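Comments concern the structure below.
The values are calculated or read from the model by the stated rules, or taken from the named source; none is laboratory data. Since this is a predicted model, take the numbers as computed values, not measurements. No Cβ is skipped: glycine too gets one built from the backbone with ideal geometry, and neighbour counts run over all protein chains shown. These accessible areas exclude ligands, DNA and RNA; they are computed on the full protein's heavy atoms, side chains included. Shrake-Rupley method; radii C 1.70, N 1.55, O 1.52, S 1.80 Å.
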Amino acid sequence: MSIRRVYPGDIHIHSNDGIVRIAVLGGGGLLAKHLHKCDPNIRLFTKEEVDITNPRSFRLLDLYDIIIHTAALIDNTKVNDNRVNFIDTNIVGTSNISNYCIHYDKRLVYISTDYVYDGTGNHSEEDPVKPYNLYAWSKLGGECSVRFVKNHLIVRTSFGKDEFPYEYGYDNLYTSKDYVDVISPLIMEVSKNNDIQGVINVGTERKSTYDYAIKRNPNVKVNSLEQQKDFSLNTNKLTNEK
């Protein structure tokens, strides 16, 4: 074991036993809990333990080699009334953890969103980005700092709870979104693969959100947007890396 300093006054112990240890930020969230089901050996950190807006709390991460960053404000209906909080958490908070990973040579896996694309469909990782809403802008802001981390992976994805909780699904809003128990094993797999770096789309087949909904809620009613949108993902990179 070796001792090193991360921030003035904070002494940390770092393991050199060769075991790859994985920490997940945002440990109280839906995705984090499902990642833990995929691998019970990973360590979930809640906001009370590691707060991305408070770099001094990062000392608890020192023993870990891979940081999966799921911590974020995600309710896009609340962005307009909480713009500063979304900036502080999703953009500044992510830059804090990026700086930490740069300084201490961690692999950083950042969970982003398919809404950074422009909604014209079959989006590849090289496509131009044009965030759909302020929430997506905040996630893209986080992506900017993550790219500075030498060993980084930006996961553009979308997932929902185990069951579809809404009354309506849209027949002209297309997606590669799937349920969290389907998406989480895919994220766990690419997170552990040190050869997969940069940006990767994680999703399943193209479908309308109505078709997605009725997979697990046959009572969902159909609705339509005024204008068709398509956030479906080209997942060739994911398929080729598996």
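Taking K and R as +1 and D and E as -1, what net charge do the other residues with C-beta under 12 Å from the C-beta of Pro218 add up to?
Numbers: positive: Lys215, Arg216, Lys221; negative: Glu163, Asp211.
My count for the surroundings of Pro218 gives +1.
Which of the lysines could a cross-linker bridge to Lys150, judged by Cα under 28 Å and excluding same-chain residues fewer than eight apart?
Qualifying lysines at Cα under 28 Å: Lys33, Lys47, Lys106, Lys130, Lys139, Lys192, Lys237, Lys242.
Let me know the Kirkwood hydrodynamic radius for the chain, please, with Cα pairs as the basis and the value in Å to one decimal. Show your work: numbers first, answer last.
On the way: mean 1/r = 0.0538 Å⁻¹.
In the chain this quantity evaluates to 18.6 Å.
Under a Cβ-Cβ cut-off of 12 Å, what is the net charge of the residues other than Arg206 that fall near it, where Lys and Arg count +1 and Asp and Glu count -1?
Working: positive: Lys177, Lys207; negative: Asp114, Asp178, Glu205, Asp211, Asp230.
For residues surrounding Arg206, the net value is -3.
Decide, for the range 166-242, between rounded, prolate and oblate: order the square roots of the alpha carbon gyration tensor eigenvalues as a ≥ b ≥ c, take rounded if a/c falls under 1.5, and otherwise choose prolate if a/b is larger than b/c, else oblate. Intermediate values should be presented prior to the final figure.
On the way: a/c = 3.64, a/b = 1.99, b/c = 1.83.
The shape class here is prolate.
Suppose each label sits 7 Å from its Cα in the direction of the beta carbon; what would the Val84-Glu167 distance come out to in nanometres?
3.6
With a/c under 1.5 counting as rounded, go ahead and sort the range 23-76 into rounded, prolate or oblate using the C-alpha gyration tensor (a ≥ b ≥ c being the square roots of the eigenvalues; past the cut-off, prolate if a/b is larger than b/c, else oblate).
Oblate, since a/c reaches 1.5 and b/c is not below a/b.
Leaving out ligands, DNA and RNA, what percent of the accessible area of the chain is carbon and sulfur, probe 1.4 Å?
Details: 5950 of 12180 Å².
Percent of accessible area from carbon and sulfur atoms in the chain: 49.
Placing unit charges on C-beta atoms (Lys and Arg positive, Asp and Glu negative, everything else neutral), compute the dipole magnitude of the chain about its Cα centre in debye, rounded to 20. Could the numbers behind the result be given before it?
On the way: 29 positive and 31 negative charges, 85 e Å.
With only Lys, Arg, Asp and Glu charged at Cβ, the dipole is about 400 debye.
Once Lys and Arg get +1 and Asp and Glu get -1 on their Cβ, which of Asn122, Ile66, Asn201 lies farthest toward the positive end of the dipole of the chain?
My answer, from the dipole projection, is Ile66.
Please compute the per residue accessible area over the chain with all protein chains in place, 1.4 Å probe, rounded to a whole number of Å².
Working: 12180 Å² over 242 residues.
Heavy-atom accessible area per residue stands at 50 Å².
Over what distance in Å are the Cα centres of the range 126-186 and the range 39-69 separated?
So the two Cα centres are separated by 22 Å.
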